[in-house]
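Okay, so here's the structure we're looking at.
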Amino acid sequence: MERNRVGIVGAGVSGLAACKHVLDKGFSPVVFEADGSIGGVWAHTLESTRLQAPTTAFRFSDMAWPKSVTETYPSHHKVMEYIRSYECKFQLLKYIKLNSLVLGVEYLGATEGEIMSWEQWSGNGTAFGTGKDGGWRITVKDLKEVGNTQVFQVDFLILCIGRHSGTPNIPEFSANGPELFKGKILHSLDYSYMDNVAHFVKGKHVTIVGSGKSAFDIAAEVAKVNGAAQPCTIIYRTKHWLVHKSSIWGVDLSYFYLNRISQLLLHKPGEGFLRYMLATALSPLRWAISKVIETYFKWSIPLQKHGMVPDYSFSFAMSSCSIAMLPEGFYNRVDDGSIILKKSKAFNFSNDGIILQDRNETIKSDIVILATGFRGDQKLRDIFTANWCRKIAAGSPDTASPLYRECIHPRIPQLAIVGYSESLTNIYASERMANWVAHFLAGGFKLPSVTCMEKSVAEWAKYKNIYNGKYFRRSCISTVNIWLNDLLCQDIGCNPKRKKGFLAEWFQPYGPADYAGLH
């Protein structure tokens with residue numbers, strides 16, 4: 001029997017990166033993708049969706065965007081073309097099983113009690129453990145052939161299932177819930193899969209619940225179809241930093257948050273006493289930078305005019321991954337009456353619309369779209385068949401996901417989770433983790449003891465509680481990406497300093513291209 005078989009679940013950008021880097025190390029992986037195409041969330045998204053970060057930040061390290069793409073924020077169609085080009089360049093498709101829905105994964109070998117008693121991960125700190133009957137059983141349903149379910153067995157499993165798809169977050173109602181409403185209710189996930197959304201919303205009273213990127217994008221699309229004659233309403237509870245570009249007065253925001261000098265302004269997991277004192281001393285500078293940026297966006301976007309200035313700082317938005325790009329001309333649509341913004345802490349349903357409880361106001365609606373996000377934690381739990389894995393995989397409501405180096409659970413053997421932790425460009429963070437996992441698979445290093453890993457996890461959880469606040473469950477690492485990448489580089493034995501020259505190393509922004517050729 002062939003040993004060291006590697007299975008990957010998901011063929012989005014994280015799964016493709018994992019497949020490519022595992023191949024670089026001589027393995028022959030099998031990738032399971034439920035959709036009929038690669039690309040993950042980019043394969044099914046809103047028509048108006050464009051890239052949220054510049055192309056220099058959203059790219060694979062070893063493949064630049066084609067010169068024909070001149071836009072800073074290309075459309076999702078061009079993003080998909082880029083992703084397909086990556087798959088073609090490294091010939092990944094032959095390792096991918098499309099239309100293959102993973103129903104569940106189950107660890108084989110040691111019992112829960114034995115695993116919990118181990119001092120070393122997987123028994124000996126290596127990717128494939130002791131080699132005694134360990135591994136994962138993967139049950140897969142063929143979505144093209146009714147009744148065809150197969151079982152695969154691998155020695156190491158990489159989950160690349162993401163957080164922003166699959167399991168919608170649906171609000172709960174104690175009374176007067178959706179059952180009262182006579183119109184149509186759907187989640188933004190369902191909306192993104194529709195072929196002719198213009199026909200669906202044409203001439204309808206559309207109400208959107210949510211205040212994130214999806215809510216604003218959907219509202220812009222509906223407003224484009226119906227105009228002020230049939231205005232679209234957004235009901236929101238929290239105001240977020242949605243901005244029109246990633247620069248202020250011509251200076252890219254990456255110079256404030258994504259270079260080494262910016263890392264000195266905030267506390268970092270396991271930083272040591274001197275770095276702690278330096279970050280404390282420089283905290284006023286971090287506050288001042290945030291205020292300058294906030295002032296610029298308040299001046300350049302009519303946030304104050306429409307009561308949409310967030311209640312938290314811009315620096316907090318950066319560190320908690322709660323920043324997004326505005327649809328083009330969004331506030332022009334608000335000004336002409338095509339989009340109506342309504343703030344409300346709570347709502348319920350009536351026969352013909354939504355009742356805003358704290359405003360005593362009814363919003364007449366034919367269609368209600370819930371742009372209320374996804375339950376990435378529940379999606380992660382549900383893929384495991386064993387209760388002990390379900391209980392610990394994604395942490396608890398009061399803790400962040402307990403992943404060492406953001407991809408290894410100290411108590412779940414022979415498994416890595418890539419692409420669960422968020423960054424300003426997830427492709428950047430995910431590929432670095434995929435590269436690290438590939439080195440680990442090839443025996444490039446051993447993991448520290450379970451106790452040491454859990455100590456590191458606790459340090460990162462403390463950071464997330466401070467800088468991610470109530471959004472700590474997102475496990476956002478955006479403003480400490482360089483810090484994490486340094487640790488990953490040290491583990492695999494490469495130089496973490498990737499720039500040429502002292503000034504470039506400290507002041508130039510870091511991005512995916514800096515890690516090109518890191519095999």
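Can you give me the relative contact order of the stretch 259-393 as a percent, contacts being Cα pairs under 8 Å and 6 or more apart? Spell out each step's value before the answer.
Working: 84 pairs, mean separation 12.6, N = 135.
The value is 9 percent.
Inter-part distance, the stretch 419-461 to the stretch 355-376, computed on C-alpha centroids, equals 39 Å.
Each of A11, A434, F27 was scored by the projection of its Cα onto the charge dipole of the chain, and the greatest displacement toward the positive side belongs to A434; charges sit on the C-beta of Lys, Arg, Asp and Glu. Summing +1 for each Lys or Arg and -1 for each Asp or Glu among the other residues whose beta-carbon sits under 14 angstrom from that of E221 gives +2. Residues whose amide H lies under 5 Å from that of G104, counting only those 5 or more places away or on a different chain, are T139; hydrogens are built 1.01 Å from N in the peptide plane.
Please tell me the relative contact order of the chain in percent, rounded to the nearest whole number, where contacts are Cα pairs under 8 Å and at least six residues apart.
On the way: 992 pairs, mean separation 118.0, N = 519.
Taking the mean separation of contacting Cα pairs over the length of the chain, I get 23 percent.
Were the residues from Q153 through L108 laid out at 0.36 nm apart, the gain over their Cα-Cα distance would be 15.3 nm. Pairs of C-alpha atoms in the stretch 27-73 farther apart than 16 Å represent 59 percent of all such pairs.
Stretch E119-N387 to full length: gain in nm at 0.36 nm per residue minus the Cα-Cα span?
94.3 nm
First select every other residue whose beta carbon is under 15 angstrom from the beta carbon of Q263; then total the charges, Lys and Arg +1, Asp and Glu -1. Neighbourhood net charge equals +3. Counting Lys and Arg as +1 and Asp and Glu as -1 over every other residue whose Cβ lies under 11 Å from the Cβ of L303, the net charge comes to +2.
To the nearest 20 Debye, how big is the dipole of the stretch 414-470 about its Cα centre, given +1 on the beta carbon of each Lys and Arg and -1 on that of each Asp and Glu? About 140 debye. Here the peptides 460-469, 61-70, 163-172 are ranked by packing, the mean other Cβ count within 10 Å, and the order with the highest first is 460-469, 163-172, 61-70.
With a probe of 1.4 Å, find how much accessible area the stretch 285-402 has per residue, and write the answer as a whole number in Å². It amounts to 44 Å² per residue over the stretch 285-402.
Using the membrane-span-like helix rule (whole DSSP H runs, Cα extent along the own axis of at least 24 Å, mean Kyte-Doolittle hydropathy at least -1.0), which helices of the chain qualify? Please report the intermediate quantities before stating the final value.
Details: long enough: 273-300 (40 Å, 0.40); 450-467 (26 Å, -0.35).
Qualifying helices: 273-300, 450-467.
Projecting the Cα atoms of F347, N360, S165 onto the charge dipole of the chain, computed from C-beta unit charges around the Cα centre, puts N360 farthest toward the positive end.
Size descriptors for the stretch 53-170 (Cα atoms only): Rg and Dmax, in that order, 19.6, 56 Å.
Note on the stretch 45-79 and the stretch 152-190: Cα centroid distance 27 Å, given to the nearest whole angstrom. Which of the pairs K20/K97; K268/K345; K239/K345 have their Cα atoms more than 22 Å apart in this structure? Listed pairs above 22 Å: K268/K345. Computed about its Cα centre, the charge dipole of the stretch 264-351 is approximately 200 debye, with only Lys, Arg, Asp and Glu carrying charge at their Cβ.
Can you give me the convex hull volume of the Cα atoms of the chain, divided per residue and expressed in Å³? The partial results should precede the final answer.
Working: hull volume 84.1 nm³, N = 519.
About 162 Å³ per residue, rounded to a whole number.
Amide H contacts of I208: T233, I234, I235, I369, each under 5 Å away and 5 or more positions distant or on a separate chain (H built 1.01 Å from N in the peptide plane; Pro and chain starts excluded).
About the centre of its Cα atoms, the chain shows a dipole size close to 780 debye [charges on the beta carbon of Lys, Arg (+1) and Asp, Glu (-1) only; nearest 20 debye].
Working note: Cα atoms of the stretch 183-249, range along each principal axis, descending, whole Å: 42, 23, 22.
Quick check: Cα centre of the stretch 84-140 to Cα centre of the stretch 4-35, how many Å? When both Cα centres are located, 11 Å separates them.
Output the relative contact order of the stretch 155-308, whole-number percent, from Cα pairs under 8 angstrom with separation of 6+ residues. List each step's numbers first, then the result.
Numbers: 103 pairs, mean separation 21.7, N = 154.
14 percent.
Of all DSSP-defined beta bridges confined to the chain, some 45% are antiparallel rather than parallel.
The values are calculated or read from the model by the stated rules, or taken from the named source; none is laboratory data. All figures in this text were calculated on a predicted structure; none of them were measured in a lab. In this analysis, Cβ positions are derived from the backbone assuming ideal geometry, glycine residues included, and neighbour counts consider all displayed protein chains. In case anyone asks, the SASA skips ligands and DNA or RNA and just uses the protein heavy atoms, side chains included. Shrake-Rupley method; radii C 1.70, N 1.55, O 1.52, S 1.80 Å.
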